[in-house]
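**Student:** Starting off with a structure, shown below.
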Amino acid sequence: MTNNSTEKFKCLPLKVVLWFIVFSELLVFLGPIDFGVQNPSMLAFYLVIVNLAFYWGYKVGVKRFRPSIARISLQTIEWIIVIGMILHFVRLGEIWRAHGIAISFENLLVALFRPADAYFSEANVASETSSLTAYLSPIIWASIPFGLYNWKKLTTLFKSFVILTILIEVFTWLGIGTRKGLFDVLIIIAFFIAIRSKDLFEGGKLPKKYITGMLLASALFIFYFVFSNLARYELGIGEMNSFNYKYPTRPFYSEHCPSWLLVSLYNIDSYLCQGYYALSLGLSVGIIAPTFLGMSWFTMVIANKFGYDPMPGTYMTLLERFGIDSKMNWHTIYLG
């Protein structure tokens, strides 16, 4: 690759992520749902500042970055893959049990065809994440990227372990009727294919077969997303006319979109933008003192293992009085 192509390739994640972020932000103000955003001008100003900071920080970081060399032997990578695969399965059991779902092929099929049953299922006894998976989560998250990056060096056995780990990760989220984890897997695979096949990106352009593959995967994801969302309202694909809109829709979409398109756009808008609505509520609350170890679910899980719960002092708890469930509502931007 030429120096110019290399520079463009390094900025590929910035372009993809920033375009997606800006698209989701515009949906808040121009999409089919009228969220009734609090202080829209302040929210828009905040998002512009965050976007500019992300763009500037990434560009400066790429320009100044000098890679350090940390050699990891293939044997160590193979151990990470094996341990990660085992931990992924352990985590699958923990997450399913937290929803009262036993590990079985039958329950997986039920979740695939009746995702609402899995999504709304509840355990009779409270289940917590084990200390093992909490402390070893870096290995869990490293196993798939390490496997994909070193794919050509791996034997058939370890390649099968990587594939099995990806399937376990997919089944973890399908089994409880959720989708975000599926999108994470899609993004990880897409970027690591790009990294390992960077010669295909000569000239900074995305190859057609790469674009086709990602569009096909995205279309399948969107179809399952809409299907599973409708299932939560006890509706099938052919029953969109009976869809119950939680938020008011903007007149333009109601007047010009057929029912199937409006329902699809509405569900996508609701999923991507509910976090921005929560952010607008957080901005209206004002600045609160940060809570020790309350900045992420990972740190809060670790804190709980030592008998300390940082959750009460976070924005997520404060937003519950507005009907924002800290564990059910996916936040586009998490407030710490």
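**Student:** Out of the range 237-266, which residues are crowded, with 17+ Cβ neighbours inside 10 Å and over 17 Å from residue 225 (Cβ atoms)?
**Tutor:** Those that are crowded, with 17+ Cβ neighbours inside 10 Å and over 17 Å from residue 225 (Cβ atoms): 249, 253.
**Student:** Is it the case, given these coordinates, that residue 32 is touching a strand residue (DSSP E or B) at 6+ places or on another chain (Cβ under 6 Å) and of a type outside the set (Lys, Arg)?
**Tutor:** Yes; evaluated as a whole, the condition is true for this residue.
**Student:** When residue 55 is evaluated against the numbered criteria (1) in contact with a helix residue (DSSP H, G or I) (Cβ under 8 Å, 6 or more places away or on another chain); (2) surrounded by fewer than 16 Cβ atoms within 10 Å (Cβ to Cβ); (3) aromatic (Phe, Trp, Tyr); (4) closer than 24 Å to residue 218 by Cα, which criterion, by number, is the only one it fails?
**Tutor:** Status for residue 55: all satisfied but (4).
**Student:** Would you be able to say whether some residue in the range 197-209 is under 25 Å from the mean Cα position of the chain (by Cα), modelled with pLDDT of 75 or more and surrounded by 13 or more Cβ atoms within 10 Å (Cβ to Cβ)?
**Tutor:** Checked the range 197-209: no residue is under 25 Å from the mean Cα position of the chain (by Cα), modelled with pLDDT of 75 or more and surrounded by 13 or more Cβ atoms within 10 Å (Cβ to Cβ).
**Student:** Taking the range 81-131 as the region of interest, how many residues are at pLDDT 80 or above, under 23 Å from residue 305 (Cβ atoms) and part of a helix (DSSP H, G or I)?
**Tutor:** 15
**Student:** Determine whether residue 268 is within 16 Å of the chain's Cα centre (by Cα) and of a type outside the set (Gly, Ala, Ser).
**Tutor:** Spelling it out, residue 268 is indeed within 16 Å of the chain's Cα centre (by Cα) and of a type outside the set (Gly, Ala, Ser).
**Student:** Also, quick follow-up: Being part of a helix (DSSP H, G or I) and of a type in the set (S, T, N, Q) is the filter; apply it to the range 1-53 and report the residue that is farthest from residue 245 (Cα to Cα).
**Tutor:** 3
The values are calculated or read from the model by the stated rules, or taken from the named source; none is laboratory data. As the structure is a prediction and not an experimental result, all values here were calculated from the model. Cβ atoms come from the backbone with ideal geometry, glycine included; neighbour counts cover every protein chain shown.
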